[in-house]
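Shown next, in structure tokens, is the structure this report addresses.
The values are calculated or read from the model by the stated rules, or taken from the named source; none is laboratory data. None of the values given here were measured: they were computed from a predicted structure. All Cβ positions, glycine included, derive from the backbone under ideal geometry; neighbour counts span all protein chains shown.
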Amino acid sequence: MIWYPYEQLKTMKKPIKVIDAEGVYLYTKDKKLIDSVSSWWSVIYGYKNKELNEAIKNQVDNFSHIMLGGLTHEPVEKLSNKLKEFLPGDLDYPFFSDSGSVAVEVALKMALQFYVNQGINDRTMILSLTNSYHGDTFKTMEVGDDEDYHFVLNAYGESPYVVHVPTETSLLEEAFEKYGYKLNSFIVEPLLQGAGGMRMYDISFLKRARELCDEYNVLLIFDEVATGFGKTGHRFVADVVLPDILVLGKALTAGYIGHATTVANKKVFDAFYDDDPNHAFMHGPTFMGNPLACSVSLKALEIFEINNYMDKVKHIEEVEREEMEGFSDDRIEEIRIMGNVCCIEVKDSKTLNGYQDFAYERGIFARPFIKYIYSMVPYVIEYDELTKVLGTMKEWFAN
């Protein structure tokens with residue numbers, strides 16, 4: 001029996017079986033569905049993209065995997081160089097891994113060792129946001145703040161190493177005043193908190209966070225696994241406020257294959273670059289720098305630049321705002337829009353009971369959760385497809 005994610009297997013509905021996918025569409029035996037969530041926010045250029053297909057096919061004819069322990073290869077070297085050119089500031093040192101959760105684990109471990117390598121062993125605490133989500137591995141659960149996913153950690157009790165703070169500048173300042181010299185890092189999902197409820201906040205909070213991190217000598221980590229590559233309307237939020245460590249995944253390979261990277265700036269990297277072997281970063285996922293993943297990532301970055309996808313994201317946001325303007329219902333708490341994300345939060349989660357089937361019957365694959373109906377569509381979506389997705393969301397409240 002397949003162990004499906006986030007499901008009680010005994011009572012779960014039968015999953016939808018996909019037999020093909022192309023563009024924004026998933027195909028079942030008898031249905032054609034617009035994927036309104038981009039396969040967990042990753043497939044930004046749609047399915048069966050010819051250029052991406054070709055990139056993987058060409059690489060597989062050479063070799064599909066080579067470990068980076070004592071070996072290297074051209075795709076990983078090219079991707080590393082491309083990221084150095086592509087990313088802002090001195091975010092020049094990528095450490096590759098095989099998933100977003102692992103990449104966040106790497107960032108947290110890197111932040112702690114940054115201080116240990118300097119003989120500082122008392123900066124053991126991490127500041128994180130309330131309602132945050134950074135993955136389902138153990139340390140990422142600890143810095144996260146989402147009982148719906150991570151209630152199992154209640155068995156350990158409250159962590160003495162993690163402090164959570166709302167996205168309010170005054171409370172952020174209080175947290176730094178109280179814990180600043182005990183912190184090794186402040187980790188955020190910048191501007192958009194995904195699994196925590198598609199919560200959105202202002203860039204001014206992050207600008208103040210950067211100032212406070214500098215003042216207290218704390219590393220600022222941006223988890224842009226979900227928000228990177230245009231999701232917020234910025235190419236990366238790191239283009240506006242520069243972190244010390246940037247984590248990327250999901251759209252890094254355009255959703256083609258699992259791969260992620262934790263990118264450090266020179267200050268962080270220099271704390272590890274030493275004659276002392278104890279200062280080495282002792283971490284090494286088997287599939288880090290996978291040649292197939294690197295090859296498709298290179299092509300994905302090229303597509304992003306050549307086709308000016310930021311204009312496409314801007315257009316998606318404009319359509320979302322036009323379609324949702326003036327829309328309201330007594331059951332709705334708030335409608336939030338940012339980049340390619342449109343979220344309707346309801347007051348009572350029961351309001352959404354049956355929505356997934358409702359959308360399915362109208363040719364939409366949706367995945368509402370808790371109190372949120374949302375769309376995070378592929379960037380290649382056409383106007384009539386996008387309005388169909390948004391129209392279905394609105395139609396539910398007339399049902």
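Against the condition modelled with pLDDT under 95 and either touching a strand residue (DSSP E or B) at 6+ places or on another chain (Cβ under 6 Å) or among the hydrophobic types (A, V, I, L, M, F, W, C) (or both), how does Ala398 come out, does it pass? In short, yes. For Asp357, the conditions (1) under 23 Å from Glu147 (Cα atoms); (2) acidic (Asp, Glu); (3) free of Cβ contacts under 8 Å to residues at least 24 places away in the same chain are fulfilled apart from (1). The criterion of at least 1 residues that are among the aromatic types (Phe, Trp, Tyr) is met by the following helices (runs of 4 or more DSSP H) wholly inside the range 35-92: 38-41, 74-86.
Residues in the range 80-126 that are surrounded by fewer than 18 Cβ atoms within 10 Å (Cβ to Cβ) and among the polar types (S, T, N, Q): 4 in all.
If the requirement is being farther than 30 Å from Met282 by Cα, modelled with pLDDT of 95 or more and in contact with a helix residue (DSSP H, G or I) (Cβ under 7 Å, 6 or more places away or on another chain), which of these qualifies: Ser42, Ser97, Ser36? It would help to see each step written out before you state the result.
Values: Ser42 fails: farther than 30 Å from Met282 by Cα; Ser97 fails: farther than 30 Å from Met282 by Cα.
Sole residue among the options that is farther than 30 Å from Met282 by Cα, modelled with pLDDT of 95 or more and in contact with a helix residue (DSSP H, G or I) (Cβ under 7 Å, 6 or more places away or on another chain): Ser36.
Checking Ala300 against (1) surrounded by fewer than 15 Cβ atoms within 10 Å (Cβ to Cβ); (2) among the small types (Gly, Ala, Ser); (3) within 30 Å of Ser64 (Cα to Cα), which single condition isn't satisfied? Answer for Ala300: the failing condition is (1). None of Ser101, Ser97, Ser80, Ser39 is among the polar types (S, T, N, Q), under 24 Å from Ala195 (Cβ atoms) and out of contact with any Gly (no Cβ under 8 Å at 6 or more places or on another chain) except Ser97.
Highlighted here are the strands (runs of 3 or more DSSP E) found entirely within the range 146-246 that include at least 1 residues which are within 15 Å of the chain's Cα centre (by Cα): 183-188, 219-223.
For the range 320-377, residues that are at negative phi and within 19 Å of the chain's Cα centre (by Cα) total 17.
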